[in-house]
Amino acid sequence: MHSPIQLPDTWQTLLSQTLESPEALLRYLRLPDSLLAGANRASLEFAMRIPRPWLDRIEKGNPDDPLLRQVLPLAEELDEVPGFTRDPLEESHSNPVDGLIHKYNGRVLVILTGACAINCRYCFRRHFPYAENRLGPQQWQNILDYITADPSITEVIFSGGDPLVSSDSRLNQLITDLEQIPHLARLRIHSRLPVVLPQRITESFVNVLKQTRLKVVTVIHSNHPQELDIHVAAAVQRLTQAGITVLNQAVLLRGINDSVTTLKTLSEQLFAIGVLPYYLFTFDPVKGAAHFDLPDDEARQLMRQLQDQLPGYLVPRLAREIPGRGSKTLLFTDQE
Ligand code: SF4
């Protein structure tokens, strides 16, 4: 008798099977039970969510694994730390229409969904009022009207949550609507899925991007070289072969990538798979994640060392987003 043919999991299947129980996580990774009480309490504030392809890259038995540290809820998250707030970037001040954030000249951010494939503990939108920013048909029409009325807007950024948890048909419809606005030239997609669930970058998704008249830029989000496996490389290759620019933004996080060796390897490995290191953001002071913070002086020191060891095109720009400013603020320049 023939055994049934095993088909690979689709991205939708993988997305529906995320791990959400701290207890199951600790058991699977053979981690100490002493972490459980804190993890359970912290996950009530911000749920734990880990997709299987990410879990597969975590070293078992290592509580300091850099991929684990990004997703494991910790008791420290419940500490009240002065200066760490629910809306560190004051995005609620730049939210003229539900689902749209207009902070910078020429570009607007559209929050397609509040859902992500992974919940990163340091996320500056961990308290974002997604429920008030639901993108129903009326909200979408309001967004289209807002963009149409402002010819200075030439770029739309799909953000979230993670915009790529949306189906191809939904993305196709949204992009088709945007294309009708003559002054739009570019579509940028900010997504962690090419890294955390690279199976999402299917041929049919790439075809959606290939068909649009808009120039497409994808900004992926990887913080540590251990995140980059062969599946990520294949996903990036599908994008770059379709002529899509792929950039990376990372967040500088204490205990995860605050070493020159890690940052250097990240840049080199990103470039090896076809991604240019773009930004290295300093951590945004969001409530519940103060333990990831790193002083600016330490960040600058790391950049100096990185610049000594890498060609300029592999050195990401160290930047911070300061509420109310018209662009990102660079914290390190070549002259330093
Ligand atoms: S994928 Fe992005 S938006 Fe989602 S939790 Fe992580 S950092 Fe936040």
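The values are calculated or read from the model by the stated rules, or taken from the named source; none is laboratory data. Bear in mind the structure is a predicted one, so any value in this text is a computation, not a measurement. Here the Cβ positions follow ideal geometry from the backbone for every residue, glycine too, while neighbour counts run over all protein chains shown. Areas reflect the complete protein model, heavy atoms only, side chains present, ligands, DNA and RNA absent. Shrake-Rupley method; radii C 1.70, N 1.55, O 1.52, S 1.80 Å.
Among the residues making up region 158-175, those that are under 18 Å from ARG107 (Cβ atoms) and either exposed (fewer than 14 other Cβ atoms within 10 Å of the Cβ) or within 16 Å of the ligand (Cβ to nearest atom) (or both) are PHE158, SER159, GLY160, PRO163.
To keep it simple, each residue is scored yes or no on (1) in a loop (DSSP other than H, G, I, E, B); (2) among the small types (Gly, Ala, Ser).
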{"residue": "LEU36", "(1), (2)": "no, no"}
{"residue": "SER43", "(1), (2)": "no, yes"}
{"residue": "ASN62", "(1), (2)": "yes, no"}
{"residue": "VAL81", "(1), (2)": "yes, no"}
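Within region 17-27, the only residue that satisfies the criterion of being open to solvent by 90 Å² or more (accessible area, probe 1.4 Å) and either more than 16 Å from PRO63 (Cβ to Cβ) or in contact (Cβ under 8 Å) with a residue 60 or more places away in the chain (or both) is GLU20.
Within region 1-13, is there a residue that is part of a loop (DSSP other than H, G, I, E, B) and buried (at least 20 other Cβ atoms within 10 Å of the Cβ)? No: zero hits.
Looking at this structure, is ALA42 among the small types (Gly, Ala, Ser), at negative phi and open to solvent by less than 40 Å² (accessible area, probe 1.4 Å)? Yes. Of the residues ASP87, ASP98, the single one that is of a type in the set (D, E, K, R) and more than 16 Å from the ligand (Cβ to nearest atom) is ASP98.
Considering ARG30, ARG57, the condition of being surrounded by fewer than 21 Cβ atoms within 10 Å (Cβ to Cβ), at positive phi and part of a loop (DSSP other than H, G, I, E, B) is satisfied by ARG30 alone.
Looking only at residues in region 116-130 that are open to solvent by 40 Å² or more (accessible area, probe 1.4 Å) and closer than 20 Å to ILE143 by Cα, the one that is farthest from the ligand (Cβ to nearest atom) is PRO129. Among the residues making up region 193-223, a single one is open to solvent by less than 20 Å² (accessible area, probe 1.4 Å), in contact (Cβ under 8 Å) with a residue 40 or more places away in the chain and among the hydroxyl-bearing types (Ser, Thr, Tyr): SER222. Set side by side, the residues GLU76, GLU80, GLU91 differ, and just one is surrounded by 15 or more Cβ atoms within 10 Å (Cβ to Cβ), touching a Lys or Arg at 6+ places or on another chain (Cβ under 9 Å) and among the acidic types (Asp, Glu), which is GLU91. Meeting the requirement of 2 or more residues that are of a type in the set (Gly, Ala, Ser), no strands (runs of 3 or more DSSP E) wholly within region 224-336 can be named.
Among the numbered conditions (1) away from the ligand (no atom under 16 Å from the Cβ); (2) open to solvent by 30 Å² or more (accessible area, probe 1.4 Å); (3) of a type outside the set (Val, Ile, Thr); (4) in contact with a Lys or Arg (Cβ under 8 Å, 6 or more places away or on another chain), the only one that GLU155 does not meet is (2). A search for C-beta distances below 9 Å between a residue of region 91-107 that is among the hydroxyl-bearing types (Ser, Thr, Tyr) and any residue that is assigned to a loop (DSSP other than H, G, I, E, B) and open to solvent by less than 40 Å² (accessible area, probe 1.4 Å), counting only pairs 6+ apart in sequence or on different chains, returns SER92/PHE128.
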